[in-house]
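A short write-up of the structure that comes next.
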Amino acid sequence: MKRIKKIFKIIGIIIGILVIALLAYLIYLYASYHRIEDNLPLEVESRVEQADAKLTTGKEYSALTYNIGFGAYTPEFSFFMDGGKSSWAKSKDSVLETVQGAGELVASYDPDFALIEEVDLDSTRSYHVNEYSILKDCMQNYDCVFAQNYDSAFLFYPFTQPHGSSKSGLALFSRYPVTDSLRRSFPVSTSFSKFFDLDRCYSISRVPVDNGKELVIFELHMSAYGNSDEIRGDQIQMLTADMKKEYDAGNYVLCGGDFNHDLKAAEDDSTERESWAYPFPRRELPDHFSFCIDQLSDEERASLWDSARNADMEYIPGETYTVTLDGFIVSDNIECLKYQNINTGYSYSDHDPVYVQFKLK
């Protein structure tokens, strides 16, 4: 009997320690959680050789958007938050090689503007590699702007390989001088799911045009996990209000990035899809705005390579679920000349780049 009591006592002590540890961790999570300031001015790193260069109407320009997935997503990688296995990249060497490959791919298209999402600065999941520095080396003679998406506390999940802390964001590269840039905080969940989807933002950057107007570039990464209809609606409403304000001021608006919505699907499309792949509600776009993809014919749009794959498994062509989440919105004073979803077979990320050529009217 004494032995049984002793065993139960030990078990009780262990359970008590675990409960105290769990409560302490939850207190740490809530105490350390913070959102980055809204309307935060961003530092522009000026590296364009012609500091007085300006855009001009009638000339052809190009832009590329690419979510590089924090350098983890080789074709074999699957992510625990998508139902896959891993929470970290395979190795530090893999991160270095993958981000370098993604940067060289972007540079090979010589875009005037490159919008790159999910760029880690100092994260457990990517072995604390500063991916922004790698991209800057690949994209020399570009003005650079970095908008930090989040700076998260240590996530002790999954228990076999805790995701850890993450510091990540959006990088903009411009061949023309950026005179001003601002970070806007998207509305996000206030429930426990905020520790998984983290903070969200978009940046607003200004490039002068020789007619006295500005090309205003919006770069974004919208919510992915556990985002409610209300939060999705609030994010779209906030974004579109800011875009409309710039158009009403006479400026040109180019908005690109990872929308985390199915951009090929119409709102009333009944095609079976993953539960998170919501069609983007086109009715919410202000007058004078449209997706570049919607300016293609039905045949052209259907034949586009999908810009993202599901990361619940390794990439297997014809078996892995794919969808187009990335693209561009433009105001009607911008003409889309060419639109391409670049097919790399998801070599460097669970996303592939989207490329557009355009001119200002």
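Assorted remarks:
- Those residues of the range 119-157 which are in a helix (DSSP H, G or I) and either open to solvent by 40 Å² or more (accessible area, probe 1.4 Å) or not aliphatic (A, V, I, L, M) (or both), in sequence order: Thr124, Arg125, Ser126, Glu131, Tyr132, Ser133, Lys136, Asp137, Cys138
Condition check ((1) open to solvent by 20 Å² or more (accessible area, probe 1.4 Å); (2) over 20 Å from Thr324 (Cβ atoms)) across all residues:
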{"residue": "Glu214", "(1), (2)": "yes, yes"}
{"residue": "Ile217", "(1), (2)": "no, yes"}
{"residue": "Ala224", "(1), (2)": "yes, no"}
{"residue": "Asn251", "(1), (2)": "no, yes"}
{"residue": "Gly256", "(1), (2)": "no, no"}
{"residue": "His288", "(1), (2)": "yes, yes"}
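- Lone unmet requirement of (1) at pLDDT below 70; (2) in a loop (DSSP other than H, G, I, E, B); (3) open to solvent by 100 Å² or more (accessible area, probe 1.4 Å); (4) not hydroxyl-bearing (Ser, Thr, Tyr) for His34: (3)
- Lone qualifier among Gly226, Gly212, Gly233 - being at pLDDT below 95 and farther than 30 Å from Phe156 by Cα: Gly233
- Residues of the range 80-102 satisfying the condition of being within 18 Å of Ala311 (Cβ to Cβ), in a helix (DSSP H, G or I) and more than 20 Å from the chain's Cα centre (by Cα): Ser94
- Taken over the range 316-333, the criterion of being of a type outside the set (Val, Ile, Thr) and open to solvent by 40 Å² or more (accessible area, probe 1.4 Å) is satisfied by Pro317, Gly318, Glu319, Tyr321, Asp332.
The values are calculated or read from the model by the stated rules, or taken from the named source; none is laboratory data. The structure presented is a predicted model; accordingly, all values stated were derived computationally and were not measured. A quick note on method: Cβ atoms are made from the backbone with ideal geometry, for glycine too, and the neighbour counts reach across all protein chains shown. Accessible surface areas use protein heavy atoms only, side chains included; no ligands, DNA or RNA. Shrake-Rupley method; radii C 1.70, N 1.55, O 1.52, S 1.80 Å.
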